[in-house]
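What follows is a short report on a single structure.
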Amino acid sequence: MPHSAFRRHLPLIAIAALFGVYGWAMLAATAAGHDGALGPMFNALGADWVIWQAAARAFFSHDLAHIYDQMWITGAVNFEYAHWLSQKLPHPLFPYPPVTLLLVLPFAGLAMPWSMLGFELLSFAGLALALRKLAPERATFLFFLAAAILAPAATNNLLAGQNGFLTAALIIGGVALLETNPLPAGALFGVMIVKPQFLPLLAVALIAARQGRALAAMAATSLLLVLASVLTFGADLWWQWIGTFLHPQTGAGINGNDWGHIWDDSVSTCAALLGAPPWLAMTAQAGAALAALAAVWKAFRDGLPAPVRAGILGCAVPLASPHLSPYDMVVLALAAAVCVTQLAADVRPLALVLPLAAWLAPLYNPPRANPLGFATPLVLLGLIGWFFAGFRAKKAQAAACEAVSKPV
C-alpha cells in the first residue's frame, strides 16, 4: 500500500492493530496462569504442543507403539504435564503422520515452555525469510512482517503451540522461489507431508505452472521424509496412523478427530452445524475443495505475480482443508496483507473490510461458539474473487495505458 493510502486508511489499520495487541494480551494472560481472563479459555499455553512432545518423548521411553492410542496419549499427557495444564485435556489425540515426529524430536528433551518456544521461533524465522523473498521491497516486507506478528492467527498458533508458522513458511517460501529456484521451491512444498491434506493443492499449483522440476522435488522430498520416518520409527507406525482414520477410537467417550471437527472452522463443520446431514456436509466440503483447486489452477496457469499467487493459495488452503483451526489461518492473514498491498492509492475504506475480515477470522471463530464464524467460507471465496478481479482490472488498465501511449 502506498504511503499516502496508508495515511488515508490509518483508522482501520489502527483498529486492526488494536485487535492484534488484544491477541498478545490474551497470550500473556494465559502464559501467566490467568486462563480465560481475556477471551476464551485455552487451558494452558501450548495445550496442543504437550501432545506433540509427549508423542516424541515416547520414542525415547520405548512407548512409540502407543502414540496413536487415544486412551494412552490422554493418560500420558495428563500425567506428564499435570503441573503445566490448568485442567486435564478431555480428548487429546496425536493425528499427525509419523514424519511430524522428525520435526519434534530435537525439542523433546527440553522442558515446557522452552521446547515449544524453540520450535515456534525457528518456524517464525523461516516465515520471515519466506516473506523477505516474496517482498524484496523493505517497506512491503516490514508490512508483511507486522501483519504476521499482530495477526490473531499468530497468537492463536502460539497459544496452542501449533504449526501455523511452519505451514505458512512452506507455502509462501515455495511460491516465492518457484520461478527462480524451482527445486528448493518444490522441496519446501514437499515438507508439507507433515500436513498431507494440503499436498493436493500444492501439487495442482506446480502442475498448473508447468513446473515439472519443482513437482519432482516435491515428490522426492515427501518420499525421503517418509523413508526417514520408516527407518527411524518403523513402518508399523504408519499403519497405526492410517488406522486412526479407518477405525476411529471411541474408548475415551468421543473420538479425538470427531471432537476436533465439532470445533472446526471448516466448510463441512459449518454445514453440519447448520443442520446438514453428514453426506451433505461432506459434499459441501468437496465442493469447496474443487473451487479451491480451480482457483489455484487458474492462478498458477495464468502466470499471476508471485504475491497474488501466494494470496490465492493462502485463501484456497483453508477453504479446501477438511480440518481448519485458527492456527491454520496464519497463511490466510498473510493473504489478507497481500490484498492490502495490491489496493490502489485512492481506494475507498470499504475495500479494506474484506481483507480485514480475513485477517481477524480467528477472533470470530469457531462457528460453534460464534455465529459470525459461519461467514468464514464466504470471506475466503470473496477474497479469492477479489484477487482475480483486481488482477484483471490492473491488466486492463495497463493495456489501456499502452494503447494511449502508442503513436497514431
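What follows is calculated from the coordinates using simple rules that are stated; it is not laboratory data. Here the structure is a predicted model, which means the values were calculated and not measured. With ideal geometry, Cβ positions are generated from the backbone for all residues, glycine too; neighbour counts draw on all protein chains shown.
Using each residue's phi in segment 156-173, evaluate 6.51 cos²θ - 1.76 cosθ + 1.60 at θ = phi - 60° and report the 3J(HN,Hα) Karplus result to the nearest Hz, with x for Gly and Pro.
Along segment 156-173, the couplings run 5, 4, 6, 4, 7, x, 10, 10, x, 5, 5, 5, 5, 4, 5, 5, 5, x Hz.
Once the cut-off is 34 Å, how many percent of the Cα-Cα pairs in the chain end up in the long-distance tail?
29 percent
Give the Rg/Rh ratio for segment 115-193, taking Rg as the radius of gyration of the Cα atoms and Rh as the Kirkwood radius, to two decimals.
Answer for segment 115-193: 0.98.
What whole-number distance in Å separates the alpha-carbon centres of segment 302-358 and segment 150-223?
16 Å
Compute the long axis of helix 10-31 from its Cα atoms, compare it with the longest principal axis of the Cα atoms of the chain, and write down the angle in degrees, 0 to 90, nearest 10.
For helix 10-31, the angle is close to 10 degrees.
Given the options 350, 360, 85, state which has the largest fluctuation in a GNM of the chain using a 10 Å cut-off (strictly under) for Cα springs.
350
Going through segment 120-208, which GluC sites (Glu not before Pro) have at most 12 other Cβ atoms within 10 Å and a DSSP loop state?
Hits after loop and neighbour filter: 137.
Each residue of segment 321-336 in order: what ³J(HN,Hα) in whole Hz does its phi give by Karplus 6.51 cos²θ - 1.76 cosθ + 1.60, θ = phi - 60°, with x for Gly and Pro?
Result, ordered by residue: 5, x, 10, 9, 10, x, 5, 6, 8, 4, 5, 5, 4, 6, 4, 5 Hz.
Can you work out ³J(HN,Hα) from phi for every residue in segment 100-112, in order, using Karplus 6.51 cos²θ - 1.76 cosθ + 1.60 and θ = phi - 60°, giving whole Hz and x for Gly and Pro?
4, 4, 4, 7, 8, 3, x, 9, 5, x, 7, 7, 6
log₁₀ I(q)/I(0) of segment 195-309 at q = 0.11, 0.12, 0.15, 0.16 Å⁻¹, via Debye over equal Cα point scatterers, no solvent, to two decimals?
One equal scatterer on each Cα of segment 195-309 leads to -0.57, -0.67, -0.95, -1.02.
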